[in-house]
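Here's the structure we're looking at; comments come further down.
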Amino acid sequence: MEERREFFPAILLMPVNLDDRVKLVSTLFSSPVIAEVLSLFKPGSELCQKDVIKYLSHRSNKTVISALKKLVSLSS
């Protein structure tokens with residue numbers, strides 16, 4: 001019997017430049033920590049580094065800060 005899975009519809013805007021696309025995809029899917037960080041963002045609200053570290057206290061500070069640096073590097 002086949003299991004039915006539901007999916008959340010999402011649109012991911014991709015950079016035009018191939019190198020930038022590769023960097024984006026590899027960063028987003030490189031670590032479960034990055035997914036955890038992204039799950040903390042809520043539309044219309046502010047999220048500070050100290051809050052992210054607090055919410056992800058089960059992870060090391062170094063790991064969380066590294067994930068944040070990777071995400072910030074995508075915007076430059």
**Asked** Relative contact order for the chain: what is it in percent, counting Cα pairs under 8 Å that are at least 6 residues apart?
**Response** 28 percent
**Message:** Please compute the per residue accessible area over the chain with all protein chains in place, 1.4 Å probe, rounded to a whole number of Å².
**Reply:** 87 Å²
**Fill in**
Across all Cα atoms of the chain, Rg and the largest Cα-Cα distance (Dmax), in Å, are 14.7, 47
**Prompt:** What value, in deg cm²/dmol to 500, does the helix sum -39500 (n - 2.57) over DSSP H runs of n ≥ 4 give at 222 nm once divided by the residues of the chain?
**Reply:** -15500 deg cm²/dmol
**Fill in**
If R0 = 25 Å, then D20 and S57, at their Cβ-Cβ distance, give a FRET efficiency to the nearest 0.05 of 0.15
**Request:** Work through the residues other than A67 whose Cβ is under 13 Å from its Cβ and net out their charges, Lys, Arg +1 and Asp, Glu -1.
**Result:** +3
**Prompt:** Round to a whole number: what % of the accessible area of the chain belongs to carbon and sulfur, probe 1.4 Å?
**Reply:** 58 percent
**Complete:** The extension gain from E2 to S39, computed as 0.36 nm times the residue separation minus the Cα-Cα distance, is 10.4 nm
**Item:** Inter-site label distance for S31 and L47 at 7 Å from Cα along Cβ, in nm
**Value:** 1.5 nm
**Asked** To the nearest 20 debye, what is the magnitude of the charge dipole of the chain about its Cα centre, counting +1 on the Cβ of each Lys and Arg and -1 on the Cβ of each Asp and Glu?
**Response** 320 debye
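The values are calculated or read from the model by the stated rules, or taken from the named source; none is laboratory data. Keep in mind that what you see is a predicted model, and the values were worked out from it rather than measured. Please note: Cβ atoms are built from the backbone with ideal geometry, for glycine as well, and neighbour counts cover all protein chains shown. Each accessible area value is taken on the protein alone, full model and side chains, heavy atoms only, with ligands, DNA and RNA left out. Shrake-Rupley method; radii C 1.70, N 1.55, O 1.52, S 1.80 Å.
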